[in-house]
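Laboratory data are not the source of any read-out in this text; all were calculated from the coordinates shown. Everything numeric in this text was worked out from a predicted model, so none of it was measured. All Cβ positions, even for glycine, are placed from backbone atoms using ideal geometry, and neighbour counts span all protein chains on display.
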Amino acid sequence: MFIHTRKILFLASALAVFLSLPFPEISRTAVSVPVKEPVLKPSPVQEEAERYLSRYLMQYHFRQLAVNDSLSREVLSRYLDELDESKSYFLASDIEVFRERYARSMDDEFLSGKADAGFYIYNRFLRQAREKMRYMIALFEKGGFDFTVQESMELKRDKAPWPATVQELRDLWRKEAKYQLLNLKYSGEEESDDPRKALIKRYRNRLSILEQQNAEDAFRAYTMALTTSFDPHTSYFSPGDFENFQIDISRSFEGIGAKLQSENEYTVIHEVIPGGPAFRSNLLKKGDRITGVGQGNKGEIVDIVGWRVNDVVKRIRGKKGSVVRLKILPASQGNKGPARIVEIVRDEVRLEEQSAKKEIIRLNGRKIGVITIPAFYLDFEGQSRNKPDYASTSRDVRKILGELRKENVEGIVLDLRNNGGGALEEAVKLTGLFIPDGPVVQIRNSQGGKVVLEDEDPAVVYDGPLVVLVNRYSASASEILAAAIQDYGRGVVIGGRTFGKGTVQSIMKIRRPFNFIYKADDLGQLKLTVAKFYRISGESTQHMGVKPDISFPSLIDSEVVGEDNYTSSLPWDVISPARYSRTSWLTGADVRDLRERFTQRNANDSLYSRYVRDLAVLNGFRKKESVPLFEPAFKAEMERIRSFEAQWSKEDQPDILLNRSAAVVVDMADLSGNRLPGAEQAPWQAEKK
């Protein structure tokens, strides 16, 4: 979530310029390389950008990190994890050299704006990565794998040691080759008729990509490690990258309607845009890894592992109405299960699909209104021009509440699941529909300055039973609303703990102090964290998110999704509370009563019991740390996973949490004497005309 830069910080008019030291020699390679590899070096423009980048981070970032050897070790560790999370490229001897050279000097390079360490390590990575691709190709060409041997491959090696010898490293590669062959053979893909040929083509493609790597790729990787050492949402954009980041909204939503980001070698679904074809198809989820892209219903699926994310986006985008096929590793299985092919028809985002929607659930003769909000949207241009029908979450929900009142519903479920946020102004206004005037959220900058955003309208549009549904994908503005409803005691929050993104980012242009020759923005842009959100109770939503009043087990893997999974995440903390008064709607005893009824209802529910059992099976898949390379065992494992996934992907699966939440609304109505509290004040008539 962004707040205008000028409201928070002022740019310095000039920054000091430092000279770079000579680029060090590349160390000997542990695996023989048959060709002379080019050595990448930072360009003068990149070195200049690095000098300004260090100053901007130190002056304007919310986290005032001490620049010392501790920062050196943090950046180095993060960089190595980014390049070689699987511990299958570098040797232990490489890591020893890197630590000896840079574990105490990266902070000095940071202060002087140098990128020599980043390029030194990246060059070594490229040499090892190219060697691995050549070795894998040779393995597939030779063939002769023995799948009767009782051995396995580690799926999660982030905490494993780096291989001590070349033989250990090559043994990892051999096992990976066997795994790829088995996976392709039993994945059900068309190309699996000849897995070896398909994999030879795949690895040749990856080798070609590695051979085309340039200084921009090295600089991008190193600056990512540097910026994310401050916090996970701070990043640098080169002029070319920022052009893609800044694409006009109508263009950025072409294709499948999903935002992508790069994580290690993979392109990952960062966000599914409400209203887009991916959203409507329900085939992609946040965290899914895309490993291949094919055009049309039968086009060849091209392996895109290791590609630049901008190149992947270009391949996924296309003419409206055309088909794109994606090969994904589902996040639901911890990206470990068999790959799945999904087919999506390209289209534009339909704004009406992004809008708040209503439905009515009938439960034992009782009518409960449901309002689903995919995002906090606001047509800023329409608002500035005073258009009478400009799109606004709060305006649409206000209208829906009136319609549901006419339907004589007994309460409301506000569904914020998978809502990643949006316009902060709308979160404040939407909260104001359910409470009298008062504070909604606090914002604090690094200097301790605090701003309190308030609902200034004393009218309460709806004062009946209210449940707010959240899950691990509910973030930012969704967390602000859920937290305010909880702090005021205005309703009950049900679901899973929210994402925990309680930080504010701002985009800053990196400017030279004197700009007679170059463009003002030719050194790129920096998106950095400048402030944090806090509940009116004083607690931050950062890191811990919002804990629901009534918890419900989730299909989302909380060990993968959530702010607390980022090692550089800003901490949870507390500031002084805002001045506010709780409503008289719910007491602590009421919430405990509702929680007890919810638990008892689930204990006698066979559908819920089945849900919990299946969730336990799914978590078992996610926690697997190895996979058998003994073919009969591998085949049985893949068939079991596919069978389970087919069962869960049925479209007729009931929304258990929504149905159980409607029952809680009925309980709330019963607690209030089977009427809408405040009805005598006619709150529905209090809305502004």
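State the Cα centre-to-centre distance between segment 74-143 and segment 544-601 in whole Å.
With segment 74-143 and segment 544-601 each reduced to a Cα centre, they are spaced 41 Å.
For segment 395-447, run through the GluC sites (Glu not before Pro) and keep only the ones in DSSP coil with at most 12 other Cβ atoms within 10 Å of their Cβ.
Here the GluC sites (Glu not before Pro) that fit, given the DSSP loop and packing criteria, are Glu407.
List the lysines whose Cα sits under 16 Å from the Cα of Lys399, skipping any in the same chain fewer than 8 residues away.
In chain and number order, the partners are Lys357, Lys358, Lys429, Lys688, Lys689.
May I ask for the equivalent-ellipsoid semi-axes of segment 49-109, computed as the square root of five times each C-alpha gyration tensor eigenvalue and listed largest first in whole Å?
Equivalent ellipsoid semi-axes, largest first: 25, 13, 10 Å.
Mean shadow of the chain, computed from the convex hull of its alpha carbons, in nm²?
32.2
Mind giving me the nanometre distance, one decimal, between the label points for Tyr390 and Ile360, set 7 Å out from Cα along Cα→Cβ?
Simple spin-label model gives 3.3 nm for this pair.
Just tell me which aspartates and glutamates come within less than 16 Å, Cα to Cα, of Lys501; anything on the same chain fewer than 8 places away is out.
Excluding near neighbours in sequence, the set is Asp231, Glu271, Glu479, Glu539, Glu559, Glu563, Asp564, Asp573.
Name the residue from Ser554, Tyr52, Met153 whose Cα lies farthest towards the positive end of the charge dipole of the chain, charges +1 on Cβ of Lys and Arg and -1 on Cβ of Asp and Glu.
Among Ser554, Tyr52, Met153, the one farthest towards the positive end of the dipole of the chain is Met153.
So for each of 208-217, 174-183 I average, over its residues, the number of other beta carbons within 10 Å; can you give me the resulting order with the highest mean first?
174-183, 208-217
Excluding residues on the same chain fewer than 8 positions from Lys298, give the aspartates and glutamates whose Cα lies under 18 Å from its Cα.
The qualifying aspartates and glutamates are Glu189, Glu190, Glu191, Asp193, Asp194, Glu343.
Which pairs, out of Lys159/Lys336; Lys142/Lys175; Lys87/Lys635; Lys185/Lys285, put more than 20 Å between their alpha-carbon atoms?
In this structure, Lys87/Lys635; Lys185/Lys285 exceed 20 Å between Cα atoms.
What order do you get for 262-274, 475-487, 607-619, 388-400 when each peptide is scored by the mean count of other beta carbon atoms within 10 Å, highest first?
Going from most to least packed, we get 475-487, 262-274, 388-400, 607-619.
If R₀ is 51 angstrom, what is the calculated FRET efficiency for the pair Val39 and Glu141, using the beta carbon separation as r and rounding to 0.05?
Here the calculated transfer efficiency is 0.95.
Can you give the FRET efficiency for Gln59 and Val302, using 1/(1 + (r/R0)^6), R0 = 51 Å, r = Cβ-Cβ distance, to the nearest 0.05?
E between Gln59 and Val302, to the nearest 0.05, is 0.70.
Could you size up the charge dipole of segment 254-345 around its Cα centre, putting +1 on the beta carbon of Lys and Arg and -1 on that of Asp and Glu, and report it in debye to the nearest 20?
With only Lys, Arg, Asp and Glu charged at Cβ, the dipole is about 220 debye.
Can you compute the radius of gyration and Dmax for segment 254-345, using only the Cα atoms, both in Å?
Values for segment 254-345 (Cα only, Rg and Dmax): 11.7, 32 Å.
Report the label-to-label distance for Arg582 and Glu343 in nanometres (one decimal), using points 7 Å from each Cα along the Cα→Cβ vector.
Simple spin-label model gives 5.5 nm for this pair.
Hey, for a label at Arg204 modelled as a point 7 Å past Cα toward Cβ, could you say which residues of segment 134-164 have their backbone N under 16 Å away?
Answer for this model: 134-143.
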